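Below is one structure; the comments refer to it alone.
The numbers here are math on the coordinates, done by the rules we state, and not lab data. If you're wondering where the values come from, they're calculated on a predicted model, not measured in any experiment. In this analysis, Cβ positions are derived from the backbone assuming ideal geometry, glycine residues included, and neighbour counts consider all displayed protein chains.
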Protein chains: 2
Amino acid sequence: MPHPTIAETRVLIVDDHPFMRRGLAQTIKDQPGLCVCGEAGSVAEALEIIESARPHLAVVDISLGEESGIELIQSIRQKWPEIRVLVSSMHDETLFAERALRAGALGYVNKGEPPNVFIAALQRVNSGQIYLSDRMTNRMLDHVLTDKGEQMRSPIETLSNRELEVFEMIGKGLATKQIAAKLGLSPKTIETYREHIKQKLSLSNSTELTRSAVQWVLEQGRLPAGENGSE
Amino acid sequence: MPHPTIAETRVLIVDDHPFMRRGLAQTIKDQPGLCVCGEAGSVAEALEIIESARPHLAVVDISLGEESGIELIQSIRQKWPEIRVLVSSMHDETLFAERALRAGALGYVNKGEPPNVFIAALQRVNSGQIYLSDRMTNRMLDHVLTDKGEQMRSPIETLSNRELEVFEMIGKGLATKQIAAKLGLSPKTIETYREHIKQKLSLSNSTELTRSAVQWVLEQGRLPAGENGSE
DNA sequence: GCTCTGCATCGGGAAAACCCTGACGCAAAT
DNA sequence: ATTTGCGTCAGGGTTTTCCCGATGCAGAGC
């Protein structure tokens, strides 16, 4: 059914949710001049498809289940710097937009946005320009200009990528050893991250750290704080 | 769209992500016998559409931005008990599946699942049966069968007074030593309580204990229509 | 260039927490 | 009268935390 026009811009979709992929694909396909050249649900799959399909654009989700979209962006940046990446995430932009751009993405758009906003972002990125929401653009400008006036910054934003990753896992109930195993690192390294996080967030012991992390994860997911019957 | 078959099952989609809605809608439309009679991005919108479109089935996301899908399910249950609800969420099923069913949903399926699993779940719910993943089904059966003689509402109610007291302090971020000091007891005693609590709540390590305690404390703080009276 | 700061990664070692086992008095229940 | 559960604690081996490092590497600034 597709008539592969010669000059269409090829887009790769990377998202771990099949339905989200489908929704994005459908919206992109509707757009003249754009076509979806592949869909991936994991980092490995994405890299594989890039090899064969050579997309011009990539739409990547930040949280790919166990994996991190940030790392994928860095890999793409290294191997195929000509591919332009638009990050689409359902997480707080104040936390991830800056990280995404630093990693090499050209834009960050929230998944809650309507299709026309998304398409606008995609086309802006396609033209080589940066896309951010107005709110986020202002915020980053402020951030640069006022320099030391970081009073409105949440301390959580000062966490590095790795630290944030570990923080989230702590909040999900993983023990130090489990996190180390999942990330393929030494438990000693995770301990160091825990210390750094505690320092940055002014937490005095591991209980407070866990408490803070759990609270944050619950807020992120807007979970109605349930009792858990785990195990 | 030109031949509206007489006996099609009408499905309402409730999700705050437009692309997710679109992906779900597309997949449902592909299925013979099913049609999408409406899409909603909020609780209010959902209730409105139900009035006019009268769906047979509703697919609802648990986390609707600021709102809670759980409340929507309860409303639907009250006003239109004949509508069968399938919950689709991207969050951990161990945290929400039980709450979703208690609220009146007939099924819970994770958004990470492939379309065929989702469709199977939807059709199962459509036939009036409960759908849960195998893993979750076993877990809940265990839960039910483990209780002895009485239907224990929440395992937290099995805690003794002292244990509950300690549990709450853990949830507030106090370390073992601090709790001991505050209660005028030996840290050893607090350790014992921690052990007992972990046993009674089936928690395997101290991280899970802290996590569970924090969640419980937060839940205590904000719950209008709480179901666990507990003390 | 060189320095300095920040990040990511790990180790040593003492202190603390954990976890298991057991204990003892005391009350209520059987 | 025996059992059961609660509240309290100790011993001792295992694991984690916590504070002290260290290394390599990348970018910012002089």
**Study point:** Copy-to-copy label separations for A:Glu45, where each label sits 7 Å from Cα toward Cβ, in nm and ascending
**Key:** 2.7
**Study point:** the stretch A:97-137 - convex hull of alpha carbons, volume per residue in Å³
**Key:** 65 Å³
Check your understanding: If the convex hull of the alpha-carbon atoms of the stretch A:13-73 is projected onto planes in all directions, what is the mean projected area in square nanometres?
Key -> 3.8 nm²
**Study point:** Charge dipole (debye, nearest 20) of the protein assembly as shown; +1 at Cβ of Lys and Arg, -1 at Cβ of Asp and Glu
**Key:** 540 debye
Practice item. Could you list which residues have their amide H under 5 Å from that of B:Ala40, counting only those 5 or more apart in sequence or on another chain, with H placed in the peptide plane? Key: B:Ile13, B:Val14, B:Asp15
Review point. Between A:Ser202 and A:His91, what is the FRET efficiency for a Förster distance of 25 Å, r being their Cβ-Cβ separation, to the nearest 0.05?
Key: 0.60
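So how much slack lies between B:Thr137 and B:Ser160, counting 0.36 nm per residue of separation and subtracting their Cα-Cα distance, in nm?
Numbers: separation 23, 0.36 × 23 = 8.28 nm, distance 2.97 nm.
Between B:Thr137 and B:Ser160, full extension yields an extra 5.3 nm.
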Practice item. Give a residue-ordered list of calculated ³J(HN,Hα) values for the stretch B:25-41 (Karplus: 6.51 cos²θ - 1.76 cosθ + 1.60, θ = phi - 60°; whole Hz; x for Gly, Pro). Key: 4, 4, 5, 5, 4, 5, 8, x, x, 10, 9, 8, 9, x, 10, 9, x
Study note, to complete from the structure: Here, GluC sites (Glu not before Pro) of the stretch A:1-104 satisfying both criteria (DSSP loop; at most 13 other Cβ within 10 Å) are A:Glu66, A:Glu82
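If N is the number of residues in the protein assembly as shown, what value comes out of its Cα radius of gyration divided by 2.2 N^0.38 Å? Please list the in-between numbers first.
Details: Rg = 23.9 Å, N = 462, 2.2 N^0.38 = 22.6 Å.
Here the answer is 1.05, to two decimals.
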Review point. Tell me, A:Asp15, B:Asp61 in order of fewest to most beta-carbon neighbours within 10 Å?
Key: B:Asp61, A:Asp15
Point to revise | Label 7 Å beyond Cα on the Cβ vector: A:Gly33 copy-to-copy distances, nm | key: 4.5
Review point. Taking only the alpha-carbon positions of the stretch A:26-144 and ignoring solvent, what does the Debye formula give for the base-10 log of I(q)/I(0) at q = 0.12 Å⁻¹?
Key: -0.40
**Study point:** the stretch B:74-120: C-alpha gyration tensor shape, a/c 1.5 cut-off, then a/b vs b/c
**Key:** oblate
Check your understanding: Whole-Hz Karplus ³J(HN,Hα) for the stretch B:202-212, in order, using 6.51 cos²θ - 1.76 cosθ + 1.60 and θ = phi - 60°, x for Gly and Pro?
Key -> 6, 9, 9, 8, 6, 4, 5, 4, 4, 4, 5
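Can you give the Kirkwood hydrodynamic radius of chain A from its Cα pairs, in Å with one decimal? All intermediate terms of the calculation are to be shown ahead of the outcome.
Working: mean 1/r = 0.0524 Å⁻¹.
Kirkwood hydrodynamic radius for chain A: 19.1 Å.
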Check your understanding: Karplus couplings for the stretch B:161-178 from phi (6.51 cos²θ - 1.76 cosθ + 1.60, θ = phi - 60°), rounded to Hz, Gly and Pro as x?
Key -> 4, 4, 4, 5, 4, 5, 4, 5, 5, 4, x, 8, x, 7, 7, 3, 5, 5
Practice item. Would you mind working out the magnitude of the charge dipole of the stretch A:1-77 relative to its Cα centre, with +1 at each Lys and Arg C-beta and -1 at each Asp and Glu C-beta, to the nearest 20 Debye? Key: 380 debye
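Take the Cβ-Cβ distance between A:Ser52 and A:Asp30 as r, set R0 to 25 Å, and report the resulting FRET efficiency rounded to the nearest 0.05. Provide the component values of the computation, followed by the final result.
Values: r = 25 Å, r/R0 = 0.98.
It comes to 0.55.
How big is D for the stretch B:160-222, in µm² s⁻¹ as a whole number, if Stokes-Einstein is applied with the Kirkwood radius of its Cα pairs at 4 °C and 1.567 mPa s? Please report the intermediate quantities before stating the final value.
Working: Rh = 11.5 Å.
Approximately 113 µm²/s, per Stokes-Einstein.
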